[in-house]
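Written out below as structure tokens is the structure these notes cover.
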Amino acid sequence: MKLAVIKYNAGNIRSLQYALERLGIDALVTDDAEEILGADRIIFPGVGEASTAMKFLKEKNLHEIILQATQPFLGICLGMQLMCTHSEENDTDCLGIFNQKIKLFKSIDPLIKVPQIGWNEICDLKSDLFNGVQSGSYCYFVHSYYAEVGSETIATTDYCSSFSSALHKNNFYGVQFHPEKSADVGHLILQNFLTIKG
Amino acid sequence: MLTKRIIACLDIKDGRTVKGTNFVDLKDAGDPVELASLYAHQGIDELVFLDITATNEKRKTLAELVDRVAQKINIPFTVGGGISSVEDVRMLLDHGADKISINTAAFNNPSLINELSRQFGSQCIVLAVDTKMHEDGENYVYLNGGRKSTEIKCLDWVREAMERGAGEVLLTSMDHDGTKQGFAKAITGLVTQHVSVPVIASGGGGKPEHFAEILNGLADAALAASVFHFGEINIPQLKSYLLDQNILVRQTH
């Protein structure tokens with residue numbers, strides 16, 4: 001299987017590459033349109049800040065290439081957020097694949113910290129992406145912004161309030177957590193993504 | 001709900017773990033990757049690799065180690081020890097570290113924190129602070145692995161560092177470290193109350209009760225080293241105990 005990881009200015013992707021290696025996949029990290037669209041699967045990673053990332057995607061014309069994808073496509077963390085319509089992070093217009101706006105966590109309890117860093121449960125699982133994953137399984141999250149729960153939500157998590165920990169529309173999937181850092185649960189989710197049908 | 005985290009710290013020198021361990025089933029007790037895998041398997045939530053190698057030459061060994069850890073381990077890990085520049089951080093993150101921790105270099109050059117958080121994001125910048133209580137009853141910052149005292153109060157420094165963009169605090173109480181008599185409840189709770197980012201308590205954890213005390217509203221995570229390395233605390237048992245005490249932790253088995 002050919003798997004392309006979209007290369008842009010979004011943090012380190014070494015862990016993701018290694019996680020895919022553990023699944024027997026030698027991922028191609030690329031910003032080339034043909035290579036991306038010619039792959040069987042596309043992963044859109046992301047750690048960083050939304051406006052800088054969007055600016056970079058536009059400079060490389062990657063924002064249009066992403067919209068052309070018809071194969072299973074997975075956005076991770078900031079990648080998922082950029083697939084929504086807009087992010088409150090520096091008032092950034094995003095790709096608009098998911099009909100969701102990205103908001104900043106507002107904590108009124110000094111003991112509930114922003115960013116959320118750590119292991120939290122994924123519940124209400126509604127997709128083949130979570131085949132074999134039990135509701136309430138723990139995944140690793142690092143983020144200050146979130147998507148609300150809506151019709152495209154395929155997993156929810158509670159922090160400050162209930163938010164979308166995963167979204168799905170057509171061939172596009174997004175997860176707020178880091179499957180590559182989520183131990184056996186994350187391994188299973190990535191494995192499911194490799195076998196999922198569109 | 002977000003769980004409280006249990007973190008194991010491994011001291012590294014020249015790519016090897018420094019303190020011995022009691023694990024008889026490890027093929028190579030000095031190999032950090034093997035020990036880290038064991039902890040990951042037992043359900044540790046995160047790992048910290050603290051490098052005590054001094055020279056730049058040997059830093060390459062650290063980068064190789066980070067690479068091997070990232071290859072093998074599927075939970076988050078932080079690398080710290082002697083990090084003083086954007087280049088250091090870039091190298092470690094490029095090799096697969098999730099976060100880096102900075103201590104003395106950040107204190108001596110606070111703008112380093114701004115620079116690092118701008119370049120790499122706050123989420124991967126952990127401020128490590130060593131602190132000790134003085135006669136006036138206040139906690140002060142110590143540098144150079146605790147060898148050098150300062151006149152700056154712990155809380156003041158942590159607040160400044162947060163404003164500059166540090167995303168997490170790893171707070172080690174030198175008065176408690178190595179005592180196995182419990183974590184520093186007062187200063188840890190004070191910092192937790194006054195900063196908006198997660199706080200990791202370090203130093204003094206000797207019994208499961210100590211973890212329960214500190215994780216009950218005083219810290220977001222608790223870190224220990226030798227009690228894990230020498231098998232004095234078994235990680236799955238610690239987690240079961242904490243759940244019995246109504247402290248939410250991740251269960252893996």
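Note on chain B: percent of Cα-Cα distances in each 10 Å bin, starting at 0 and stopping at the bin with the largest distance, equals 7, 33, 39, 20, 2. Cross-link pairs exceeding 23 Å in C-alpha to C-alpha distance, out of A:LYS58/B:LYS99; B:LYS132/B:LYS185; A:LYS181/B:LYS180; A:LYS126/A:LYS197, comprise A:LYS58/B:LYS99; A:LYS181/B:LYS180.
Mean separation of Cα pairs under 8 Å and 6 or more residues apart, divided by the residue count, gives chain B a relative contact order of 18 percent. Partners of A:LYS60 within straight-line reach, counting aspartates and glutamates whose Cα lies under 18 Å from its Cα and excluding those fewer than 8 residues away in the same chain: A:ASP31, A:ASP32, A:GLU34, A:GLU35, A:GLU49, A:ASP93.
Reported to the nearest whole Å, the Cα centre-to-centre distance from segment B:135-156 to segment A:25-52 is 46.
Sorted from fewest to most neighbouring beta carbons within 10 Å, what does the list B:ASP51, A:ASP31 look like?
By the 10 Å Cβ count, ascending: A:ASP31, B:ASP51.
Charge dipole of the protein assembly as shown (Cα centre as origin; +1 on each Lys and Arg Cβ, -1 on each Asp and Glu Cβ, all else neutral): 280 debye, rounded to the nearest 20.
Peptide B:64-75 is shielded by partner chain Cβ atoms: per residue, an average of 4 of them sit within 10 Å of its Cβ.
Taking other C-beta atoms within 10 Å as the exposure proxy, B:TYR39, B:TYR241 rank B:TYR241, B:TYR39 from fewest upward.
Here is what passes the span test in chain B: the DSSP H helices with alpha carbon length of 18 Å or more along the helix axis and a Kyte-Doolittle mean of -1.0 or above are B:59-72. Residues B:MET1, A:MET83, B:MET133, A:MET54, ranked from the fewest to the most other C-beta atoms within 10 Å, line up as B:MET1, B:MET133, A:MET54, A:MET83. Backbone amide hydrogens, once placed in the peptide plane, bring B:PHE49 within less than 5 Å of B:LEU10, B:THR78, B:VAL79, B:GLY80, excluding anything fewer than 5 places away on its chain.
The residue list A:GLN17, A:TRP119, A:GLY75 was ranked by how far each Cα lies along the charge dipole of segment A:3-195 toward its positive end, using unit charges on Cβ atoms, and A:TRP119 comes out on top.
Enumerate the helices in chain A for which the Kyte-Doolittle hydropathy averages 1.0 or more and the C-alpha atoms extend at least 18 Å along the helix's axis, using complete DSSP H runs.
none
All of the numbers you see were taken from the coordinates with simple rules; none came from a lab. What you are looking at is a predicted structure, and each value in this text was computed from that prediction instead of being measured. Here Cβ is always computed from backbone atoms with ideal geometry, including for glycine, and neighbour counts include all displayed protein chains.
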